[in-house]
1. Given a 1.4 Å probe and every protein chain left where it sits, what share in percent of the accessible area of region 25-110 is carbon and sulfur?
2. May I ask you to rank 60, 15, 88, 78 by accessible area, largest first, using a 1.4 Å probe over the protein chains only?
3. Net charge near residue 45: determine it from the other residues with C-beta under 15 Å of the C-beta of residue 45, scoring Lys and Arg +1 and Asp and Glu -1.
4. Ranked from the most accessible area to the least, with a 1.4 Å probe and all protein chains present, what is the order of 85, 110?
5. Through the Karplus equation 6.51 cos²θ - 1.76 cosθ + 1.60, θ set to phi - 60°, convert the phi angles of region 96-110 into ³J(HN,Hα) values in whole Hz; use x for Gly and Pro.
6. For region 51-62, in order, what is each residue's ³J(HN,Hα) by Karplus, 6.51 cos²θ - 1.76 cosθ + 1.60 with θ = phi - 60°, in whole Hz (x at glycine and Pro)?
7. Would you tell me the accessible area of residue 27, worked out with a 1.4 angstrom probe on the heavy atoms of the protein chains, in Å² to the nearest 10?
8. For residue 58 paired with residue 91, estimate the spin-label separation in nm (one decimal), with each label point 7 Å from Cα along the Cα-to-Cβ line.
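The values are calculated or read from the model by the stated rules, or taken from the named source; none is laboratory data. Remember, predicted model here, so these are calculated numbers, not experimental data. Positions of Cβ are generated from backbone atoms using ideal geometry, with glycine treated the same way; all protein chains shown enter the neighbour counts. Accessible surface is based on the protein model in full, side chains and every heavy atom, while ligands, DNA and RNA are left aside. Shrake-Rupley method; radii C 1.70, N 1.55, O 1.52, S 1.80 Å.
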Amino acid sequence: MKDQQPDSKLRFKPHLATVALEDYFQVGTFNQMIQQKQWYRFETRLEQNTQRILDLFARHQIRGTFFVLGWVADRYPHLMKRVAEAGHELASKGYYHRSIRQMTREEFLE
């Protein structure tokens, strides 16, 4: 009988890990119900949930890319620093959660 160990090439597949670093009220699904100018009124869960994912990634030695809204980065620079210091990449998803199709040419260029 042949050894039934899985092929080592299959056991250690590389994976990509990405995180959308935004709060529950910022997701695109709520765009029609919650206006961006009202975001400040909502209780945030961002910091505690980001710490949870950072702890989980650290426990499993995972590095990933955190796609961050500019609005979030402006308000939580200490959180951006924590993510970067944990060895993760930070990437922009724009200032607000908006599709390029919703922007004027000037807004996009800005």
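1. Values: 3110 of 6270 Å².
On region 25-110, the fraction of accessible area on carbon and sulfur atoms equals 50 percent.
2. 15, 60, 78, 88
3. On the way: positive: 41, 52, 75; negative: 22, 23, 43, 47.
So the surrounding residues net to -1.
4. On the way: 85 135, 110 190 Å².
These residues rank, largest area first, as 110, 85.
5. Rounded to whole hertz, the list is 10, 7, 10, 6, 4, 5, 8, 9, 7, 4, 5, 4, 4, 5, 5.
6. Working through the residues one at a time gives 4, 4, 5, 4, 5, 4, 4, 5, 4, 9, 6, 9 Hz.
7. 40 Å²
8. 2.4 nm
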